[in-house]
Structures are given as C-alpha cells and as structure tokens.
Amino acid sequence: MSTTIKPETLIGQLNWRYATKQFDPNRKISASDWTTLEEALRLTPSSGGLQPWKFVVVTDPAVRAKLRPASYGQAQITDASHLVVFTAKNNLSEADVDAHIKHIAEVQGAPIEALAPLRGMLVGGIVKSQDESARNAWARNQAFIALGNLLTSAALLGIDACPMEGFDKAQYDEILGLKAKGYSSAVIATLGYRLPTDKYASAPKVRFPKEQIFLNV
C-alpha cells in the first residue's frame, strides 16, 4: 500500500502556509496532532545522526509572558497554541559521539567495534576538525533542519506556524535555564491557527521564479 501523498496536496499545503502573524488565542492544537508533530520533529534527519538539539516546548503562560518582551513584543509568543524553542548543543564532544554510537549499537543490534569507522568519521570530521565556535555553529545549523521539517509537517496537518529569529537569544537562554543544560537557543517557532483578520494570510506569495533560483549543471 502506497503511503505517499499526492503532489498537488504537498504543493497546495505549501502554498497555503505562511508566516502567521495573528494567532487565535482561543484555538488550541489537539493532543493527537501535537503528538504527531513531536514525532515528526523526533524523526528529523541530522548530520551523522547526532541530533545535537533539544526542542523546548513552552506551555506555561507565565513563562511565555516573560519571553514575549525578549521577543520584541511579538504577539505570537503568547497568542499561539504552542511555542517551540529549538536549542543547539554547546561544545559537542567525543563523549557525545560515544553516547550516540552506543545508542546506535543498542537500537540496531550492532557490535560497538563495527561502528568504529563511523565514530572515527564523526570525531574527526566534527569534533576535532573544528573549534568550539565552529561546532556550535554546526549544531545551530542542524536545528534549522528541524525547523524546516516542523513547518512542512504542520502545513500538511493544516496547522499554522511562524518561524522566528526575532528574539534575544541571551534572554531566552537565561529565562529557560539553557546554559546549565548545555544548550543555547537557535530559533523559535509558534504554532496554532490563524485569525481571519490576519491580512498576511491572503497576501500573494513572493518567490523568485524557478529560472532565477535553480542552476542545472
């Protein structure tokens, strides 16, 4: 049985979605839909499968009220059904790689010794070949892969979302206590359902034509 969706469904939902500015504060994402979105996030691919992130789902209204000023007063922070803070692992180490290799062995039933080449590639290519600043930048880039996955998954479920970089990362890290956990905020997304008054919902999508953005080699 095919599990693929129709091409027109995918393109239709991507045309339907937009960076929602006005969320209905009274409309919430159902528990079953949110469980689906969390699983979609969990299945996000990452470089080497290392998953150098944590997804902080902020539901406490008091915490979200604190985060709103740190987001330049943007209403989505408090009005949307859900707020997700994508955080990136600080200073990824050989110990993190070893934990990942151990997990692969447990899940796939492979002997640790057989995974030595993969360990060597990950340690050499990510940990030892970069300084801390570069490793942190690498981890932040991985978080953006997860963001893209969440936006598309939400659109396919008919759930509105808004990716947001307009926030004070240092304040977010402090309010959420991220530094002590070894993570830093990278990007955020609000999710829920649009208000009919959001003028951006009906605005024409502005994208460059195919001929301008594709290079065929």
| field | Per-residue ³J(HN,Hα) for segment 101-117, Karplus 6.51 cos²θ - 1.76 cosθ + 1.60, θ = phi - 60°, Hz, x for Gly and Pro | value | 4, 4, 5, 4, 4, 5, 6, 9, x, 9, x, 3, 4, 5, 9, 4, x
| Summed side-chain charge close to ILE213 - residues other than ILE213 whose Cβ falls under 15 Å, Lys, Arg +1, Asp, Glu -1 | +2
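Going by a ≥ b ≥ c, the root eigenvalues of the Cα gyration tensor, does segment 89-169 fall in the rounded group (a/c under 1.5), the prolate group (a/b larger than b/c) or the oblate group?
Oblate, because a/c is 1.5 or more while a/b does not exceed b/c.
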| What FRET efficiency comes out for the pair ALA65/LEU14, r = Cβ-Cβ distance, R0 = 30 Å, nearest 0.05? | 0.40
| task | May I ask for the net charge around PRO52, where only other residues with Cβ less than 15 Å from the Cβ of PRO52 are counted and Lys, Arg are +1 while Asp, Glu are -1? | result | +2
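Given only helices, namely DSSP H runs of n ≥ 4 each adding -39500 (n - 2.57), what is the per-residue ellipticity at 222 nm of the chain, to the nearest 500 deg cm²/dmol?
So the helix-based figure for the chain works out to -12500 deg cm²/dmol.
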| field | Taking the convex hull of Cα positions in the chain, its mean projected area over all directions (nm²) | value | 15.9 nm²
| field | VAL187 long-range amide H proximity, modeled H, under 5 Å | value | PHE86
| remark: Shape call for segment 109-210, from the Cα gyration tensor axes a ≥ b ≥ c (a/c under 1.5 means rounded, otherwise prolate when a/b beats b/c, else oblate), comes out prolate
| Signed unit charges on C-beta, dipole axis of the chain, positive-most listed residue SER184, ALA65, ALA134 | ALA65
| task | Can you send over the carbon and sulfur percentage of the accessible area for segment 78-217, probe radius 1.4 Å, protein chains only? | result | 57 percent
| task | Set the Förster distance to 45 Å, then compute FRET efficiency between ARG207 and ALA99 from the Cβ-Cβ distance, nearest 0.05. | result | 0.65
| query | So for the chain: antiparallel DSSP bridges make up what percent, rounded to the nearest 5? | reply | 95 percent
| Considering the dipole of the chain built from charges on the beta carbon (Lys and Arg +1, Asp and Glu -1) around the Cα centre, which of ILE175, PRO209, GLY158 is farthest to its positive end? | PRO209
| query | Each label point is 7 Å from the Cα along the Cα-to-Cβ direction; what then is the distance between the points at ALA114 and ASN26, in nm? | reply | 5.8 nm
| field | Between segment 105-160 and segment 28-50, the alpha-carbon center distance in angstrom | value | 15 Å
| query | Got the relative contact order for the chain handy, in percent, Cα pairs under 8 Å and 6 or more residues apart? | reply | 34 percent
| task | Go through 9-17, 181-189 and give me the packing order, highest mean Cβ count within 10 Å leading. | result | 181-189, 9-17
| remark: Under the rule rounded for a/c under 1.5, else prolate if a/b exceeds b/c, else oblate, using alpha carbon gyration tensor axes a ≥ b ≥ c, segment 1-87 is classed as oblate
| task | Could you sort 46-55, 150-159, 194-203 so that the peptide with the highest average Cβ count within 10 Å comes first and the rest follow in order? | result | 150-159, 46-55, 194-203
| field | Å² of accessible area per residue within segment 49-207, as computed with a 1.4 Å probe and no ligands counted | value | 49 Å²
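The values are calculated or read from the model by the stated rules, or taken from the named source; none is laboratory data. Fair warning: this is a prediction, and the values are worked out from it, not measured in the lab. Neighbour counts are summed over all protein chains in view; Cβ atoms, including those assigned to glycine, are modelled from backbone coordinates with ideal geometry. Surface areas here come from the heavy atoms of the whole protein model, side chains and all, with no ligands, DNA or RNA. Shrake-Rupley method; radii C 1.70, N 1.55, O 1.52, S 1.80 Å.
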